[in-house]
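Worksheet: one structure, shown below.
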Amino acid sequence: MQHEIETRLIHDGEPRSEGAVGMPIFRSSTFLTRGDESGYDDIRYIRLNNTPNHVALHAKLASIEGGEAALVTASGMAAITTSILAVAGGGHVLAQRVLYGGTHDFFTGEARKLGVEYDFIDADDPASWSAKLRPNTKAVYVETMTNPLLDVADHAAIVRFAREHRLVSLIDNTFASPINFRPIEHGYDVSLHSATKYLNGHDDIVAGAAIGSRELVRGITHLTNHLGGTLDPHACVLLHRGLKTLALRVRQQNANALALARFLASHAAVARVNYPGLETHPRHARARELFDGFGGMLSFETNGGAAAAQRFLGRVHVALHAPSLGGVETLVSRPAAMSHVGMSAEDRAAIGLSDALIRVSVGIENEKDLIDDFAQALA
Ligand SMILES: *Cc1c(COP(=O)(O)O)cnc(C)c1O
């Protein structure tokens with residue numbers, strides 16, 4: 001019998017070695033030969049991602065996102081770059097124009113040198129995609145929601161287009177987490193995560209994940225085994241523990257974010273709020289159709305420009321002024337001065353990213369305490 005996701009988070013992929021209820025750390029870099037190894041990737045050695053800690057995590061992650069197989073990696077960027085190279089090396093990729101900074105810079109800075117051609121696409125304009133296809137186009141790459149404006153691409157159209165043209169569809173599902181969106185159920189081939197964020201949820205490790213079919217994950221694992229972006233067993237165990245509370249954390253973050261977004265939308269000092277759970281968000285209907293929850297990420301613009309936004313960051317007490325997202329602590333940052341500081345002012349303006357925009361990764365604190373904190377910082 002297939003259990004629900006809350007139960008699978010707790011019980012799936014648990015080896016219960018020696019009867020252990022909690023997952024032990026296997027601090028061994030090498031393991032006794034079994035005699036059934038059928039190739040290099042089966043040799044029982046830590047870099048090859050097959051210690052008991054890796055095997056357990058792979059089973060749990062595959063189960064919660066509905067994939068046949070999964071891989072954990074040393075960071076989100078290791079999962080993303082290795083997957084792109086494994087799927088589209090020597091070929092061409094259509095990539096969403098607005099991407100996580102590291103991924104965007106990987107395409108513009110390194111991809112060509114590493115044998116991956118690319119074109120950026122407007123993920124909301126399906127009619128424009130065919131013209132960018134080339135005979136060697138192998139994959140399409142998108143994100144569930146964009147950072148920091150929380151735009152939601154036309155995922156149904158992307159999946160249809162990928163199938164029609166025999167492209168591998170890859171999606172960075174970090175912002176939604178599997179509690180709110182499971183891309184494979186919607187037809188995506190590979191779901192990628194910065195497990196540093198919601199999956200671990202405690203701001204204390206860096207890790208990544210790739211989930212998909214057995215065949216695709218085998219290819220990504222083989223390349224990871226060579227490039228060496230393997231997750232250490234200590235970090236595996238922290239991620240494993242964090243995953244058990246994923247459903248509780250994300251539901252609290254969904255609820256807190258919606259309450260905070262509504263409060264901000266009604267505040268005189270706030271010019272604009274971007275949260276897909278608000279009826280005023282341009283992609284609210286699409287988000288409602290696709291997602292089980294609207295997530296813990298929101299952004300808003302203060303009325304007083306960049307200076308007022310910067311003052312706000314200095315006045316919050318419950319929320320912390322820091323980069324990153326997805327942890328139990330509420331974090332605030334100004335993308336123009338943090339995640340998007342490498343972008344020119346014109347490019348930021350072109351994607352609608354104001355210098356007064358504040359991004360919030362909503363944590364699991366008490367909703368009223370959070371709203372009171374934002375209220376006093378805006379006053
Ligand atoms: C943080 C993040 C990444 C990169 O992940 P790391 O774990 O820092 O390597 C990729 N995509 C998104 C959407 C992120 O938020």
- In terms of modelled amide H atoms, which long-range or inter-chain residues lie less than 5 Å from the amide H of residue 139? 92, 94, 168
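Which value, in Å³ per residue, describes the convex hull spanned by the Cα atoms of the range 248-378? Could the numbers behind the result be given before it?
On the way: hull volume 13.2 nm³, N = 131.
Spelled out: Cα convex hull of the range 248-378, divided by residues, is 101 Å³.
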- Message: Just to verify a number: FRET efficiency for residue 97 and residue 21, C-beta to C-beta distance, R0 = 35 Å, to 0.05?
- Response: 0.15
- Mind giving me the FRET efficiency for residue 40 and residue 214? R0 is 22 Å, r the Cβ-Cβ distance, nearest 0.05 is fine. 0.80
- Hypothetical label at residue 108: residues of the range 341-364 whose amide nitrogen lies under 11 Å (7 Å Cα-Cβ projection): 341-348
- Query: What are the residues whose amide H is under 5 Å from the amide H of residue 320, where those residues sit 5 or more places off or on another chain and H is modelled from the backbone?
  - Reply: 330, 331, 332
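Calculated FRET efficiency, residue 369 and residue 28, Cβ-Cβ r, R0 41 Å, to nearest 0.05?
Rounded to the nearest 0.05, the efficiency is 0.40.
Before rounding to the nearest 500, sum -39500 (n - 2.57) across all DSSP H runs of length at least 4 in the chain and divide by the residue total; then give [θ] at 222 nm in deg cm²/dmol. Mind dumping the intermediate values first?
On the way: 13 runs with 135 residues, N = 379.
Mean residue ellipticity, 222 nm, calculated: -10500 deg cm²/dmol.
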- Task: Compute the acute angle (0 to 90°) between the alpha-carbon long axis of helix 367-378 and the principal axis of greatest extent of the alpha-carbon atoms of the chain; round to the nearest 10°.
- Result: 50
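Tell me the relative contact order for the chain as a rounded percent, counting alpha carbon contacts under 8 Å between residues six or more apart.
Values: 744 pairs, mean separation 62.7, N = 379.
Reported as a whole number, the value is 17 percent.
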- Task: Please determine, in degrees from 0 to 90 and to the nearest 10, the orientation of helix 305-315 with respect to the longest principal axis defined by the Cα atoms of the chain, where the helix direction is its Cα long axis.
- Result: 70
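Among residues other than residue 333 whose Cβ falls under 15 Å from its Cβ, what is the net charge (Lys/Arg +1, Asp/Glu -1)? Present the calculation step by step, with values, prior to reporting the outcome.
Details: positive: 197, 311, 315, 334, 348, 359; negative: 203, 301, 329, 355.
It works out to a net charge of +2.
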- Task: Would you mind putting 323-329, 177-183, 15-21, 309-315 in packing order, based on average other-beta-carbon counts within 10 Å, highest first?
- Result: 177-183, 323-329, 309-315, 15-21
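To make sure I understand, if each residue's beta carbon is the centre and we count other beta carbons within 10 Å, what order do 244, 113 fall in, fewest to most? List each step's numbers first, then the result.
Details: 244 18, 113 7.
Taking fewest neighbouring Cβ atoms as first place, the list is 113, 244.
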- Note on the structure: Violations at 21 Å Cα threshold for listed pairs 60/197; 197/244; 197/368; 113/138 -> 197/368
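All of the numbers you see were taken from the coordinates with simple rules; none came from a lab. Not measured: the values here are computed from a predicted model. Cβ sites come from the backbone with ideal geometry, for glycine too, and all protein chains shown count toward neighbours.
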